[in-house]
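Working notes for the structure below.
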Amino acid sequence: MAKANFEVPELQQYLEVPAVTPSTMAHSSPFVSRLEFQEPLGFPGELADDWQARALDKFGELLGKYRSLRVYLDSCVKCGSCTDKCHYFLGTKDPKNMPVGRQDLMRKVYRRYFTLAGRFFPKLVGAEDFTKEVLDDWYSYFHQCSQCRRCSVFCPYGIDTAEISMAAREIMDSIGMGQKYCNEIIAKVYKIGNNLGLPGPALLDTLEGLEEDVYDDTGVRVRYPIDKVGAEILLVTPSADFFAEPHVDGLIGYGKVFHEAGVSWTISSYASEGANFGMFIGSYENMRRIAQRIRKAAIDLKVKRIVFGECGHAWRVAYSFLNTLAGPWDFLDSRYPVPQHICEFTHGLIQEGKLTFDKSQNDDKVLTFHDSCNVARASRMGDRPGGQFDIPRAVIKAVCNNYYDMDEETIRDRTFCCGGGGGLLTDDLMELRVKGAKPRVEALNNVMAEKGVTHMAAICAICKSQFTKVLPFYGMDMEQIVSVHQLVSNAIVLTPGEDDEEPEDEDDENRDAEDDDDED
Amino acid sequence: MSFLTGLYAFLFYFATVVLLTGLIGKVVQYARTPAPLKIPTTPAPLTKGGVALRMAREVVFFESLFRGNKWTWIFGWVFHFGLFLVTLRHLRYFIDPVWLPIQMIQPFGIYGGIAMVLGLAGLWARRFLVDRVRYITGPSDHLILALLVLIGASGLMMSFVVHTDVVAVKEFFRGLMAFKLNPLPADPFLLIHLLLVAGLMIVFPYSKLLHAPGLFFSPTRNQVDNPREQRHIAPWAERLEQ
């Protein structure tokens with residue numbers, strides 16, 4: 001079990017709504033960004049003396065640019081429907097982590113400076129001056145929101161706290177109070193091309209290594225191409241897929257699916273990142289700039305289609321925003337949606353009967369599936385509402401014999417966030433991440449006890465990294481979290497190409513032995 | 001013309017102007033503010049008809065609240081539906097002859113008044129009994145509940161205990177609509193009732209009562225889920241492309 005210098009919540013059999021306990025997380029605050037990370041994004045490096053006036057200017061500007069912000073700040077009636085829905089509240093008991101509590105941090109400033117009632121009767125309507133203390137509260141609690149939108153599902157007016165926290169972060173960035181983790185990463189994307197700062201040669205090296213591994217493993221030459229001009233498909237995937245477990249097993253899976261589909265594909269070293277942290281910081285301009293890289297890569301590589309790998313918020317930006325930010329995509333093949341999710345791609349092939357699976361390869365596991373928040377509540381797959389729930393499950397069930405869902409109230413559009421989304425996947429927020437994971441881990445724990453589930457599959461790089469890190473705090477194994485296309489990769493039966501040797505018996509035995517190791 | 005009649009006439013003209021200008025101003029503001037990104041809470045309808053249906057379910061049944069909290073839903077829905085019936089019943093003070101459906105709704109309007117007050121009582125109780133709701137409740141939340149409860153209670157008093165001259169009340173309001181002053185009966189419950197209603201009309205555009213128009217402009221509820229098929233772009237975002 002991982003060591004913690006804070007109290008790890010105890011898992012319960014039923015979801016317990018804690019009693020309100022103010023300020024339990026007032027100390028939680030991520031590292032503040034520095035000039036070197038602020039500048040490339042167009043933000044000032046530090047807080048200036050006139051920060052308040054500048055913040056209010058920005059606030060006014062955003063109120064005119066985003067209808068969501070204006071309507072949501074006006075409409076809340078304090079009904080309380082959202083109060084027990086946020087995983088951070090459930091895990092920390094801090095009332096400022098109730099969605100309405102978080103919104104009110106911004107609403108009280110909005111009322112004070114932008115409404116008649118707040119200008120004349122501040123006490124009556126809970127309006128407050130924008131002081132440094134309020135700003136510090138903003139910095140702390142708007143970095144305790146993973147923008148998962150669970151609250152918006154239950155709000156009678158659809159108030160989405162993600163919209164509020166994005167606006168708050170944008171205002172804070174504009175006055176030089178950015179968050180180091182997000183802004184450093186975005187700066188890296190601009191400079192090197194991906195979140196992890198992997199340069200092109202390193203990527204090439206990694207992908208060649210993967211080809212060798214897969215060949216050693218299967219005797220089939222599966223290609224993992226990079227910067228191949230004229231390929232049919234451009235694959236855009238989170239950079240975690242290039243090296244970390246269990247992400248890379250997913251990437252291996254995508255390659256095998258493309259191999260079986262018989263389509264040519266490529267990764268771009270220029271746009272070697274699916275993630276778009278511009279969304280987390282609420283910056284349309286930065287989000288657009290990051291998305292435009294994909295457009296340039298698609299044009300330069302002369303591809304016909306774009307497919308996204310397993311990544312939650314990347315899929316939200318891809319599905320919901322890419323057309324807006326980097327479209328129109330009229331130069332691509334119009335027979336396919338732009339972009340497509342790798343699960344849609346694989347599912348389509350399964351339905352056409354083009355893939356053969358040996359499901360028994362996953363018999364060492366009993367699976368469940370974690371709906372990632374951005375996929376579940378902010379996007380779609382396929383041509384029907386809810387396809388984002390059904391398609392990944394259909395893919396898993398096509399490649400695994402043992403599958404059980406977690407408690408119905410914790411999946412699909414009611415899914416609980418992993419606790420690390422929205423730009424919070426940083427070590428300086430570990431306490432928040434562990435506590436915020438509680439509702440999801442609880443549901444996982446229950447389905448493990450009741451159905452003997454051993455592994456949880458996910459289609460989001462952040463979810464996978466987060467669970468890998470926090471499951472040990474709850475006494476679980478980090479390897480219990482797997483990629484959906486890792487399962488596909490295990491079960492898919494590959495067709496040897498012309499240049500492949502017939503696998504020798506000896507190799508087969510070695511492979512079996514390795515599989516046995518995996519079971520341990 | 002008595003001082004009282006003049007005062008209430010002025011009050012209602014004033015309240016009507018505040019309500020209409022304030023509300024129209026807000027609706028225009030909402031309508032003019034762009035929604036630059038597609039952010040429907042999914043699963044979301046794929047067509048405009050589907051969105052209309054989703055919105056209708058929210059407006060009529062409070063679908064999301066039902067999923068969120070059953071107690072708040074039942075009290076909230078009973079209150080709003082009661083208020084709806086009461087409002088329909090009160091139309092008789094403004095139209096002549098009274099339309100048949102409004103005539104038929106009259107007895108139900110009384111039940112509506114009772115339901116409204118009971119629903120409000122439940123909602124108010126939650127503000128004391130549930131610690132999370134207590135934490136988010138401010139003075140203005142109590143005041144609006146008090147305002148609505150007193151409006152309901154004073155109205156019910158006139159229905160059941162101290163009747164007022166409803167014919168004269170109708171004359172008064174019909175007169176106001178024709179810019180003519182007819183005497184208003186000086187019954188205490190009527191005066192309280194009308195004073196509070198005017199107050200409600202005045203605070204409407206400046207308070208959380210804006211949730212009523214707000215719902216229709218909520219992008220998470222009113223957007224069609226078709227971002228891949230149709231490019232959605234705000235005017236201010238389009239300027240970035242040049």
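The values are calculated or read from the model by the stated rules, or taken from the named source; none is laboratory data. Every value quoted in this text rests on a predicted model; they were computed, and no experiment measured them. For neighbour counting, all protein chains shown are included, and Cβ atoms are generated from backbone atoms with ideal geometry for every residue, glycine included.
A compact table of results
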{"item": "Any hit, the stretch A:145-163, residues being of a type in the set (Asp, Glu), closer than 21 Å to A:Gly436 by Cβ and touching a residue at least 40 places away in the same chain (Cβ under 8 Å)", "result": "yes"}
{"item": "Candidate set from the stretch A:212-232 (those that are among the β-branched types (Val, Ile, Thr) and part of a loop (DSSP other than H, G, I, E, B)); member that is surrounded by the most Cβ atoms within 10 Å (Cβ to Cβ)", "result": "A:Val222"}
{"item": "Extreme residue, nearest to the other protein chains (Cβ to nearest Cβ), among residues of the stretch A:116-127 that are outside any helix (DSSP H, G or I) and crowded, with 18+ Cβ neighbours inside 10 Å", "result": "A:Gly126"}
{"item": "Among the residues listed as A:Ser264, A:Ser269, the single one being among the polar types (S, T, N, Q) and more than 24 Å from the chain's Cα centre (by Cα)", "result": "A:Ser264"}
{"item": "From the options B:Leu196, B:Leu181, B:Leu190, residue that is surrounded by 14 or more Cβ atoms within 10 Å (Cβ to Cβ), more than 14 Å from chain A (Cβ to nearest Cβ), assigned to a loop (DSSP other than H, G, I, E, B) and modelled with pLDDT of 95 or more", "result": "B:Leu181"}
{"item": "Filtered residue count, the stretch A:317-332, keeping only those that are more than 7 Å from chain B (Cβ to nearest Cβ) and free of Cβ contacts under 8 Å to residues at least 60 places away in the same chain", "result": "8"}
{"item": "Meets criteria (over 30 Å from B:Phe179 (Cα atoms), of a type in the set (S, T, N, Q) and at the interface with chain A (Cβ under 8 Å from one of its Cβ atoms)) for B:Thr33", "result": "yes"}
{"item": "Subset of the stretch B:74-87 (residues that are in contact (Cβ under 8 Å) with a residue 24 or more places away in the chain and more than 9 Å from chain A (Cβ to nearest Cβ))", "result": "B:Ile74, B:Phe75, B:Trp77, B:Val78, B:Phe79, B:His80, B:Phe81, B:Gly82, B:Leu83, B:Phe84, B:Leu85, B:Val86"}
{"item": "The stretch A:414-449, residues that are of a type in the set (Val, Ile, Thr), surrounded by fewer than 24 Cβ atoms within 10 Å (Cβ to Cβ) and either free of Cβ contacts under 8 Å to residues at least 40 places away in the same chain or touching a Lys or Arg at 6+ places or on another chain (Cβ under 9 Å) (or both)", "result": "A:Thr426"}
{"item": "Filter pass, B:Leu7 being outside any helix (DSSP H, G or I), over 22 Å from the mean Cα position of the chain (by Cα) and at pLDDT 95 or above", "result": "no"}
{"item": "A:Lys180 vs. criteria among the basic types (Lys, Arg) and touching a helix residue (DSSP H, G or I) at 6+ places or on another chain (Cβ under 9 Å)", "result": "yes"}
{"item": "Residues of the stretch A:95-144 that turn out to be closer than 22 Å to B:Asp131 by Cβ, without any contact (Cβ under 8 Å) to a residue 24 or more places away in the chain and of a type in the set (Phe, Trp, Tyr), as a count", "result": "0"}
{"item": "Candidate set from the stretch A:1-47 (those that are touching a Ser or Thr at 6+ places or on another chain (Cβ under 7 Å) and closer than 30 Å to A:Asp84 by Cβ); member that is nearest to the other protein chains (Cβ to nearest Cβ)", "result": "A:Thr24"}
{"item": "The stretch A:68-91: number of residues that are over 16 Å from A:Met106 (Cβ atoms), in contact with a Ser or Thr (Cβ under 8 Å, 6 or more places away or on another chain) and within 8 Å of chain B (Cβ to nearest Cβ)", "result": "3"}
{"item": "Lone unmet requirement of (1) part of a helix (DSSP H, G or I); (2) more than 18 Å from the chain's Cα centre (by Cα); (3) crowded, with 24+ Cβ neighbours inside 10 Å; (4) aliphatic (A, V, I, L, M) for A:Ala187", "result": "(3)"}
{"item": "Selected residue (criterion: farthest from B:Met157 (Cα to Cα)) from residues of the stretch B:96-132 that are β-branched (Val, Ile, Thr) and more than 20 Å from the chain's Cα centre (by Cα)", "result": "B:Val130"}
{"item": "Residue within the stretch A:140-151 that is surrounded by 21 or more Cβ atoms within 10 Å (Cβ to Cβ), part of a helix (DSSP H, G or I) and within 11 Å of chain B (Cβ to nearest Cβ) present", "result": "yes"}
{"item": "Candidate set from the stretch A:291-310 (those that are of a type in the set (Gly, Ala, Ser) and in contact with a strand residue (DSSP E or B) (Cβ under 8 Å, 6 or more places away or on another chain)); member that is nearest to the other protein chains (Cβ to nearest Cβ)", "result": "A:Ala298"}
{"item": "Pair list, Cβ < 9 Å and 6+ apart or interchain, from the stretch A:391-412 residues that are touching a residue at least 60 places away in the same chain (Cβ under 8 Å) and within 13 Å of A:Ala457 (Cα to Cα) to residues that are of a type outside the set (S, T, N, Q) and surrounded by fewer than 16 Cβ atoms within 10 Å (Cβ to Cβ)", "result": "A:Val399/A:Asp358; A:Val399/A:Lys359; A:Cys400/A:Lys359; A:Cys400/A:Asp363"}
{"item": "From A:His341, A:His313, residue being in contact (Cβ under 8 Å) with a residue 40 or more places away in the chain and touching a strand residue (DSSP E or B) at 6+ places or on another chain (Cβ under 9 Å)", "result": "A:His341"}
{"item": "Listing of helices (runs of 4 or more DSSP H) fully contained in the stretch A:1-83 that carry 2 or more residues being surrounded by fewer than 22 Cβ atoms within 10 Å (Cβ to Cβ) and without any contact (Cβ under 8 Å) to a residue 12 or more places away in the chain", "result": "A:51-65"}
{"item": "Residues (touching a residue at least 40 places away in the same chain (Cβ under 8 Å) and away from every other protein chain (no Cβ under 12 Å)) located in the stretch B:42-73", "result": "B:Lys48"}
{"item": "Criterion (out of contact with any Gly (no Cβ under 6 Å at 6 or more places or on another chain), part of a helix (DSSP H, G or I) and either among the small types (Gly, Ala, Ser) or surrounded by 24 or more Cβ atoms within 10 Å (Cβ to Cβ) (or both)) met by exactly one of A:Ala271, A:Ala298, A:Ala275", "result": "A:Ala298"}
{"item": "Pairs, first free of Cβ contacts under 8 Å to residues at least 24 places away in the same chain and more than 7 Å from chain A (Cβ to nearest Cβ) in the stretch B:124-138, second aliphatic (A, V, I, L, M) and surrounded by 14 or more Cβ atoms within 10 Å (Cβ to Cβ), C-beta under 6 Å, six or more apart", "result": "B:Arg127/B:Val133"}
{"item": "Top-ranked residue in the stretch B:201-242 [being in contact with a helix residue (DSSP H, G or I) (Cβ under 7 Å, 6 or more places away or on another chain), in a helix (DSSP H, G or I) and surrounded by fewer than 17 Cβ atoms within 10 Å (Cβ to Cβ); ranked as modelled with the lowest pLDDT]", "result": "B:Leu240"}
{"item": "Criterion violated by A:Ala240 - all others in (1) surrounded by 17 or more Cβ atoms within 10 Å (Cβ to Cβ); (2) in a loop (DSSP other than H, G, I, E, B); (3) of a type in the set (Gly, Ala, Ser) satisfied", "result": "(2)"}
